[in-house]
């Protein structure tokens, strides 16, 4: 077996050498356009043609022509399949499918390496659990005995198991977990075939945004890291390290561009992927649900390890994977260096994507981000930022009186700091008029009990702010 | 009779040898990572690995659940398709007007692949079990329908004319002439429909899964367990072939007047 693997490896290198002699090098990248948090490693590089900018053109690459191939997939598993078949060199996917990618390569007598994180959350935001809009369920504790669907062996499957464990439940007895792809689950939620659905980026936000589901659990509640990143065939990376670094520099450039103009690129992602710009901004924008973090924080390394362990528990993987060898940070470190960025500083930075803005109503610099709210007015290129939710709600009233329409109202969760879709959030209005936002009703109730104030839904909060004027 | 029996055995041996040769060729191609350029066995697991996976599955407590879930789905979907397909087929085959009314919409639905039905199947049925059964139903319906129509249309008109002249009522003619005349074609349709129903099983069980051999196959793809995928494919193949054979036998028993196919 080992011998035949060696043979396969030799055959592979042989084909790669022939490619080099012909001076055409394939750069085949498998993307997941709808998984919008991978945009800086796929969709944006492709749409903005960033690869051309960074691919090496001197030294041993002097006379090389590049055969850049972009392939879009809907799951990490499908990308892995093509990588195993030798049709794709780079692939973007989450921790769970990424681990499978490593195992599958080893089984095939090859090796893949995880070269970067693209976007993630050390706490677990991005994954979430939703229920049909009309469901009375407000929190995960009410899901005992119910049917919950989840994309099998995805990063959200890991979250679901973790969340169930945190409730002290037995995943085999206390709930019925069925496997379901996101696109099917969207329909199943609308026809009430399932009681709840756990999913990854962007579906736990996209379904609520589309109006047929309500998020009742954010991944951060389970406090388990999740991320999407990029993998490459190890033999390819060894042969063409400069190309791997070039790809990562393109990703860094996409990241920088996004940071400069989040609204513009949220729209671009929407145009290409069909996932609404409002949802893209929710993830990628300042104070967003995830951080576009390209460093290998220990939490992300741990996420890779956890996914392997979880799958062993599910008896779906019999083989371990050496995380330290699977995760390789030398390429991303080199890309940071070439781009003049400080890898170590980024590695230590756990902040949300920063918001540097002035309050659209008062004109003052926003310094405290606990109660920030934002309004994206229709036909306006830029989002309006407000230091407080009540300030934003008041502004919303004025805007609407002027005949303007808000595309979306965002608020930040008072406790966890995650960005929320205002229309589905819960609010507590204190007696002094201060408004705080929460993902969960029970959270809002607790806050009101401890700090005083009244629990309101979005319309209630809007009416209350109007009434106080 | 004796020589006939021997010939039968010889044919079975030949069939078994044919399968063994296929397996051997597959094993050789996989183990030696055969690459013909346009088709490659480099990453195809050999039968020995598949056998290991099959043993694992057989020993898993879930395996019975996988198989019974799938059998139930196909059985229900197929039964509904059989009843509806035969009834519609008889009606369309017997009456030109009913044919004009019923056939056009059915012909429109016929080319739609099962996988395209998934979203609607999920929307239309209150349970995912219902959606899955619908997919196996839609897979089985059209071969049964078309074969029944074909069978009914090809009943010798002279037989019907004779029955009429002997004073047979419409119902009696249907029961005594048309149905027996069309029965061989109907059973062929049922056997094909059984096959196509299994054909659609993976599609059906992609909808939502916990148990089911199609689901097991799909799940194995998600986690790149290639030997398990082939086990799933093989189980579907065997169950599908088995149930089609059963139907053919049943057909032979029920249509003794139909000359035995001696091929």
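Just so it is clear, none of the values below were taken in a lab; they were calculated from the coordinates. Just so we're clear, the structure is a prediction, and the values are computed from it rather than from any experiment. Note that we place each Cβ from the backbone using ideal geometry, even for glycine, and neighbour counts take in every protein chain shown.
Points to keep in mind about this one:
- Separation of segment B:202-216 from segment A:422-448 is 42 Å, based on Cα centroids.
- Prolate/oblate/rounded call for segment A:312-440, Cα gyration tensor, a/c under 1.5 rounded: prolate
- Sorted fewest first by neighbouring Cβ atoms within 10 angstrom, A:57, A:146 come out as A:57, A:146.
- Cα centroid separation, segment A:368-394 to segment A:21-65 (Å): 37
- Peptide B:220-230, shielding by other chains (average Cβ, 10 Å cutoff): 6
- Full extension of the segment from residue B:10 to residue B:116, taken as 0.36 nm per residue of separation minus the current Cα-Cα distance, would add 33.7 nm.
- Shape of segment A:128-221, Cα gyration tensor, a/c cut at 1.5: rounded
- Shielding by partners for peptide A:101-108, expressed as the average number of C-beta atoms from other protein chains within 10 Å of each residue's C-beta, is 3.
- Two-decimal log10 I(q)/I(0) for chain A, as the Debye equation yields it once each C-alpha is a single scatterer, q = 0.07, 0.08, 0.11 Å⁻¹: -0.37, -0.48, -0.88
- Segment A:145-221 and segment B:73-89: distance between their alpha carbon centers, rounded to Å: 34
- Available extension along the chain between residue A:166 and residue A:467 is 104.2 nm, counting 0.36 nm per residue and deducting the alpha carbon span.
- Listed peptides A:150-161, A:291-302 appear in the order A:150-161, A:291-302 once ranked by packing, highest mean of other Cβ atoms within 10 Å at the front.
- Of B:110, B:175, B:15, the one that fluctuates the most in a GNM where chain B has Cα springs shorter than 10 Å: B:15
- Shape of segment B:1-44, Cα gyration tensor, a/c cut at 1.5: prolate
- Using alpha-carbon coordinates, inclination of helix A:95-107 to the longest axis of chain A, degrees: 20
- What the Cβ-Cβ distance of residue B:71 and residue A:71 gives, at R0 = 35 Å and to the nearest 0.05, is a FRET efficiency of 0.40.
- Listing B:188, A:31, A:178 from fewest to most neighbouring C-beta atoms within 10 Å gives B:188, A:178, A:31.
- Considering only chain A, percent of DSSP beta bridges that pair antiparallel, nearest 5: 70
- Within 10 Å of the Cβ of each residue in A:187-198, the mean number of Cβ atoms contributed by other protein chains is 4.
- Acute angle (nearest 10 degrees) that the helix B:2-31 long axis makes with the longest principal axis of chain B, alpha-carbon atoms: 40
- Here the residues B:5, A:228, ranked from fewest to most Cβ neighbours within 10 Å of their Cβ, fall in the order B:5, A:228.
- Ordering of A:266-277, A:125-136 by packing [mean C-beta count within 10 Å, highest first]: A:125-136, A:266-277
- Rounded to the nearest 10 degrees, the inclination of helix B:47-59 to the longest alpha-carbon principal axis of chain B is 80 degrees.
- With helices as the sole contributors, chain B gives -25500 deg cm²/dmol at 222 nm; each DSSP H run of n ≥ 4 counts as -39500 (n - 2.57), and the sum is divided by every residue.
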